[in-house]
Amino acid sequence: MTVFVRENFKTIGEAVAAAKDGDTIVVSSGIYREKVYIKQKNLTLLGDGHVTITYDAGSGNPRPDGELYDTFTSATVTVEASAENFRAENIIFENNYNRENPDISVTQALAMSCGADAYFENCSFLGWQDTLYVNGKTKQYFKNCYIEGSVDFIFGDAGAVFDECHINCVRRGSYISAANTDKTSEYGLVFYKCSITANHGCDGIYLGRPWRAEYENVRSHTAFIECVYDFDDKPCGWLRWHAPEGMELDRIRYEEFGNTRPDGSAVSTAERAPFSREISRKEAAELCKKCLRKS
């Protein structure tokens, strides 16, 4: 069944609460200030025009019930583990905490927490710290999406592919990714043919650092393949963060292949951290075969 927000329901939350497995929710143009929780299987959320779902919850700040938000409850939209095969198109997911008032203290503030297999196309994820949480050892795919943030703004243990997306850093010294990939997973965060940029004056960008690498089951994996780096990256590229000293090679899988600058020149990896590596064309092709969608 297809239902329409503004026609059948006033809010997205009301439409989602009433939806059944397999329904499609079409959202009319507008800015919707609400927190949304999605539980149904095979649910599709389609934006009809310019649609923004926004909220301003930040970790450590009070909830309406008087308790405090933490990192994970701060999300504007939460796709729960039960929401298998969730799909979203033409939607802007935003956490406005820190975005309009950068003078307030920085804290975790998620635009999206996705814990189910999912597909996103032509969507935007706007935030500051911890914008997009991909979690649950799931398979998630982002096609032609825009994602921005500063600290660890794409993070989690999912197998998440960013196919021809635009990734933008909004602060000096940003960390693009923070994977905590399980050791049994073939891949973690894969950026394929993405455009990676930074706002003016935002230099010293890191590609990533390993979240929860002190846990024995974590083998953080992040790969940048045939991307265009239009930003000032730190020569070392990556940080060890919580990886136990001397065990970086065991706990971290950081890879680059075929990345270029806007003028077409190759990105130098000569000074990269010793626990990262430039993989071969064959290895890159094998990784892409595992994780890229054919259509």
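The values are calculated or read from the model by the stated rules, or taken from the named source; none is laboratory data. What you see is a predicted model, and the numbers here were worked out from it, not measured in a lab. Note: ideal-geometry Cβ built from the backbone for every residue, glycine included; neighbour counts use all protein chains shown.
Count, please, the residues in the range 139-183 that happen to be of a type in the set (V, I, T) and touching a residue at least 40 places away in the same chain (Cβ under 8 Å).
Initial filter on the range 139-183 (of a type in the set (V, I, T)): 147, 151, 154, 161, 167, 170, 176, 181.
Next, from what is left, pick out any that are touching a residue at least 40 places away in the same chain (Cβ under 8 Å): 151, 161, 170, 181.
Selection size over the range 139-183: 4.
Please go through the range 239-295 and give me each residue that is among the aliphatic types (A, V, I, L, M), touching a residue at least 24 places away in the same chain (Cβ under 8 Å) and not in a loop (DSSP other than H, G, I, E, B), ordered by number.
L249, I252, A284, L287
Yes or no: N144 under 24 Å from R272 (Cα atoms) and touching an Asp or Glu at 6+ places or on another chain (Cβ under 6 Å)? Let's see the steps before the verdict.
On the way: under 24 Å from R272 (Cα atoms): no; touching an Asp or Glu at 6+ places or on another chain (Cβ under 6 Å): yes.
It is false that N144 is under 24 Å from R272 (Cα atoms) and touching an Asp or Glu at 6+ places or on another chain (Cβ under 6 Å).
Name the one entry in T24, T2 that is surrounded by fewer than 17 Cβ atoms within 10 Å (Cβ to Cβ), among the hydroxyl-bearing types (S, T, Y) and in contact (Cβ under 8 Å) with a residue 24 or more places away in the chain. Don't jump to the end; show me each part of the working.
Working: T24 fails: in contact (Cβ under 8 Å) with a residue 24 or more places away in the chain.
Going through T24, T2 in turn, just one is surrounded by fewer than 17 Cβ atoms within 10 Å (Cβ to Cβ), among the hydroxyl-bearing types (S, T, Y) and in contact (Cβ under 8 Å) with a residue 24 or more places away in the chain: T2.
Of the residues that sit in the range 188-230 and are surrounded by 21 or more Cβ atoms within 10 Å (Cβ to Cβ) and part of a loop (DSSP other than H, G, I, E, B), which one is modelled with the lowest pLDDT?
A213
Of all residues being hydrophobic (A, V, I, L, M, F, W, C), assigned to a loop (DSSP other than H, G, I, E, B) and modelled with pLDDT of 95 or more in the range 80-107, which is surrounded by the most Cβ atoms within 10 Å (Cβ to Cβ)? Just the residue, please. Working first, answer last.
Here is the first cut: in the range 80-107, the residues hydrophobic (A, V, I, L, M, F, W, C) are 81, 83, 86, 88, 91-93, 104, 106.
Checking which are assigned to a loop (DSSP other than H, G, I, E, B) leaves us with 81, 83, 91, 104, 106.
Those left that are additionally modelled with pLDDT of 95 or more: 81, 83, 91.
On the way: A81: 13, A83: 22, I91: 25.
My answer is I91.
Hey, T73 hits all of (1) farther than 26 Å from D48 by Cα; (2) buried (at least 19 other Cβ atoms within 10 Å of the Cβ); (3) among the polar types (S, T, N, Q) but one; which does it fall short on?
Unmet condition: (2).
Look through G204, G258 and report the one residue that is closer than 25 Å to L126 by Cβ and not polar (S, T, N, Q). First the steps, then the outcome.
On the way: G258 fails: closer than 25 Å to L126 by Cβ.
G204 is the lone residue from the list that is closer than 25 Å to L126 by Cβ and not polar (S, T, N, Q).
For L46, are the conditions met, namely being touching a Pro at 6+ places or on another chain (Cβ under 7 Å) and either hydrophobic (A, V, I, L, M, F, W, C) or at negative phi (or both)? Give the derivation first.
Numbers: touching a Pro at 6+ places or on another chain (Cβ under 7 Å): no; either hydrophobic (A, V, I, L, M, F, W, C) or at negative phi (or both): yes.
So L46 fails the test.
Specify which of the listed residues (G66, G136) is surrounded by fewer than 24 Cβ atoms within 10 Å (Cβ to Cβ), in the same structural domain as R209 (by TED's automatic domain parsing), more than 13 Å from the chain's Cα centre (by Cα) and assigned to a loop (DSSP other than H, G, I, E, B).
Working: G66 fails: in the same structural domain as R209 (by TED's automatic domain parsing).
Sole residue among the options that is surrounded by fewer than 24 Cβ atoms within 10 Å (Cβ to Cβ), in the same structural domain as R209 (by TED's automatic domain parsing), more than 13 Å from the chain's Cα centre (by Cα) and assigned to a loop (DSSP other than H, G, I, E, B): G136.
Against the definition (assigned by TED's automatic domain parsing to the domain that holds Y141, at pLDDT below 95 and not hydrophobic (A, V, I, L, M, F, W, C)), how does S174 come out, yes or no?
Numbers: assigned by TED's automatic domain parsing to the domain that holds Y141: yes; at pLDDT below 95: yes; not hydrophobic (A, V, I, L, M, F, W, C): yes.
For S174, the condition - assigned by TED's automatic domain parsing to the domain that holds Y141, at pLDDT below 95 and not hydrophobic (A, V, I, L, M, F, W, C) - is met.
Filter the range 169-181 down to the residues that are in a loop (DSSP other than H, G, I, E, B) and among the hydroxyl-bearing types (S, T, Y), then identify the one that is surrounded by the most Cβ atoms within 10 Å (Cβ to Cβ). Please lay out each step first, then the result.
Taking the range 169-181 as the starting set, the residues that turn out to be in a loop (DSSP other than H, G, I, E, B) are 170-174, 180-181.
With among the hydroxyl-bearing types (S, T, Y) added as a condition, the list becomes 174, 181.
On the way: S174: 26, T181: 28.
Looking at the filtered set, the residue picked out is T181.
Residue by residue through the range 140-168, note down the ones that are more than 21 Å from A116 (Cβ to Cβ) and part of a strand (DSSP E or B).
Those that are more than 21 Å from A116 (Cβ to Cβ) and part of a strand (DSSP E or B): Y146, E148, G149, V151, H166, I167, N168.
Counting only residues that are among the acidic types (D, E) and surrounded by 15 or more Cβ atoms within 10 Å (Cβ to Cβ), how many does the range 238-259 have?
The initial filter retains those residues of the range 238-259 that are among the acidic types (D, E), namely 245, 248, 250, 255-256.
Subset that is surrounded by 15 or more Cβ atoms within 10 Å (Cβ to Cβ): 248, 255-256.
So the answer is 3.
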